[in-house]
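A short write-up of the structure that comes next.
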Amino acid sequence: MDKYQVLKQYFGYDEFREGQEKLIDSILSGRDTLGIMPTGAGKSLCFQVPALLMEGITLVISPLISLMKDQVKALNEAGIHAAFLNSSLTAAQYHKALGFAAQGRYPVIYVAPERLMTEEFQDFASRTRIAMVAVDEAHCVSQWGQDFRPSYLKIVDFIRSLSNRPVVSAFTATATKEVRDDIIDILMLREPTVLTTGFDRPNLYFSVQSPKNPYATMVNFIETHPDDSGIVYCLTRKTVEEVCDRLHQDGFSVTRYHAGLSDIERRENQDEFIYDRARIMVATNAFGMGIDKSNVRYVIHYNMPKNMESYYQEAGRAGRDGEPADCLLLYRGQDVVTNQFFIDHNQDNEELDPVTRRIVAERDRERLKKMTYYCFTGDCLRSYILRYFGEYGANYCGNCSNCLTGFETVDVTEAAQAILGTVEWCRGRYGATVILETVRGSDTAKVRRYGMEQSPYYGKLPRIAVPRLRQILNFLVMEGYLTVTNDEYAVVKLTKESGRILHGAETVTMKMAKEQEAPVREKSKKSRRYGSSVSAGIEFTEEQERLFESLRGLRTEIAKKEKVPPYIVFSDKTLTHMCIVRPGNREEMLSVSGVGEHKYQKYGQAFLERIRQETAFLS
Ligand code: ADP
Ligand code: MG
Ligand code: ZN
């Protein structure tokens, strides 16, 4: 067999995606390999395909039990013998699995990094031919990454303990230079092939809104996606609880996830979501790493996250199957304050020395700023993201809220003058909140304490809502007309540029989201599009839509019986393709993307039968 046959027969795909083939070839030629690809790009395949072609066992190191289980399940479904070795097994199960492994039953074994240096595993490794060690989520070795795992440092000890050094491959979605260098250094990769593929995810629609009523806006959105799976990310556990309760009361199928729940409840809730029993997952950022659920159709950020890395990673959990999916961010000014608080009280940094801690906090503040700018940019959101990750983005993508609905250009000169004037009047001694309270004419303790009612600008802008004022202030900072000091007081000060506006030499216009709630996009059901190269941009007819629902129902029944998540049976993309191809026999069924030999054996007949029934009355 060659790599193409493996791809077709086991995974049911006709072609490799960008980057996959190069990475696979590199591994097969015996070179260490580092693949940096965005979430959903298909990293697993890059080590799974070579694993089936190499002489010997591939060990996959993965940080999370849930992740291993999921991938092993998917491999087994595809007819590949694979197993996992981690703490979810009893001692007897573990022993048995190792025994089978030693007999060469599994070409692919997933191992928790904590296991590698144990005596039993070392004994096994010394008696087995290990062809490759594949490190998934490799950014976990880096202290600069967001998910540092000390146990990942054991990987290199393990590799060094082997008498024959296997090929080492590593995969991550984190593209920053620090993390990439750390992976190469810490895993001691030898002259590795390093490949970064495009970070663009064309099937994701990005949108930012600053609605007056975020909850109502969110519900409005969810109601247009009644049958779809989605994730709602909140900044705090408390918000998760509130939002989840409210959605529940409003009759939505919803569950929740955050670090304050017991292990058992977390696992149960995660399963509820993965097995499509609960449609909506409301969660903090604790949820998601290792969730391979491919049919998440939308990710809503109910709050702005702390930085673009987190945002893109979390939003990227939508649409992993390549089908259209929505990423909606609901921004409000309070989010900046909350994130600032997290940065200032970061428990994780407690062990760091004061200097490093300050550097880290500064870096985090800088990243928060860039995240905030994302919420206000009038540019194409996708270009903003790609530029952030060091890629060149076209200025117009046609698939984000800025490109589609457009912002209106507003003349904010008067407001800008009042804000700058207030800063000047108090000689740059106070923070943004006091400034904004002053121009609005609020009667707060701070305003009184600092004597701000005396300012000629006091109450100058009573009609502009605080969030909008904050947008204007942020904009002035972004454009260099104001600066905010980088210490704990975050005091607002004038710059050399301020005078031009203060003295009326320049006007200030900025793009702002139109005041009304952004229009709701067409119902997703009607706009399901097949996103791949096979037949890009096809819109479903009503018949196809009905067939899709029917096949989805069949998938759910089968998944229940087999006790696997529905997307493990067939992905949304595969069902979509089936509706387009409408296969009538084995041959045609095998031509559907995602239907391999093994899955055909298991499910082919049932789906053929269902398609026959559903389309009998058509031509
Ligand atoms: P990553 O680990 O990079 O986030 P995964 O390996 O989980 O992504 O793959 C995401 C999805 O893409 C999976 O559903 C997978 O089956 C699918 N996929 C991977 N490679 C291909 C391919 N060549 N053609 C079609 N689908 C693919
Ligand atoms: Mg992965
Ligand atoms: Zn755009």
* Asked: Which of the residues that make up segment 460-508 are touching an Asp or Glu at 6+ places or on another chain (Cβ under 7 Å), assigned to a loop (DSSP other than H, G, I, E, B), within 15 Å of GLU414 (Cβ to Cβ) and not β-branched (Val, Ile, Thr)?
  -> TYR481
* To do: Please work out if THR58 is modelled with pLDDT of 95 or more, under 18 Å from PHE11 (Cβ atoms) and more than 16 Å from ligand 3 (Cβ to nearest atom).
  => yes
* Of the residues that sit in segment 366-392 and are more than 11 Å from ligand 3 (Cβ to nearest atom) and among the aliphatic types (A, V, I, L, M), which one is surrounded by the most Cβ atoms within 10 Å (Cβ to Cβ)? -> MET371
* To do: Scan segment 133-183 residue by residue and report those that are within 16 Å of ligand 1 (Cβ to nearest atom), out of contact with any Asp or Glu (no Cβ under 6 Å at 6 or more places or on another chain), hydrophobic (A, V, I, L, M, F, W, C) and not in a helix (DSSP H, G or I).
  => ALA134, VAL135, ALA170, ALA173, ALA175
* To do: Find the residue count for segment 78-130, including only residues that are touching a residue at least 40 places away in the same chain (Cβ under 8 Å), among the acidic types (Asp, Glu) and over 15 Å from ILE155 (Cα atoms).
  => 0
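Given the condition at pLDDT 85 or above and surrounded by fewer than 16 Cβ atoms within 10 Å (Cβ to Cβ), answer yes or no: does some residue in segment 486-494 qualify?
Looking only at segment 486-494, we keep the residues that are at pLDDT 85 or above, and these are 491-494.
So of that shortlist, the ones also surrounded by fewer than 16 Cβ atoms within 10 Å (Cβ to Cβ) come out as 493.
Yes, some residue in segment 486-494 is at pLDDT 85 or above and surrounded by fewer than 16 Cβ atoms within 10 Å (Cβ to Cβ).
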* Asked: Where in segment 1-120 are there helices (runs of 4 or more DSSP H), lying fully within it, with 2 or more residues that are within 27 Å of TYR275 (Cβ to Cβ)?
  -> 43-53, 65-77, 91-102
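Among the residues of segment 587-619, count how many are among the polar types (S, T, N, Q) and assigned to a loop (DSSP other than H, G, I, E, B). I'd like the intermediate steps shown before the answer.
Of all residues in segment 587-619, those among the polar types (S, T, N, Q) come to 591, 593, 601, 605, 613, 615, 619.
Still in the running and assigned to a loop (DSSP other than H, G, I, E, B): 591, 593, 619.
Looking only at that region, the number is 3.
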* Within segment 169-191, count every residue that is in contact with a helix residue (DSSP H, G or I) (Cβ under 6 Å, 6 or more places away or on another chain), under 26 Å from MET54 (Cβ atoms) and buried (at least 17 other Cβ atoms within 10 Å of the Cβ). => 7
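The values are calculated or read from the model by the stated rules, or taken from the named source; none is laboratory data. If you're wondering where the values come from, they're calculated on a predicted model, not measured in any experiment. Quick reminder, even Gly has a Cβ in these numbers, built from the backbone with ideal geometry, and neighbours come from all protein chains shown.
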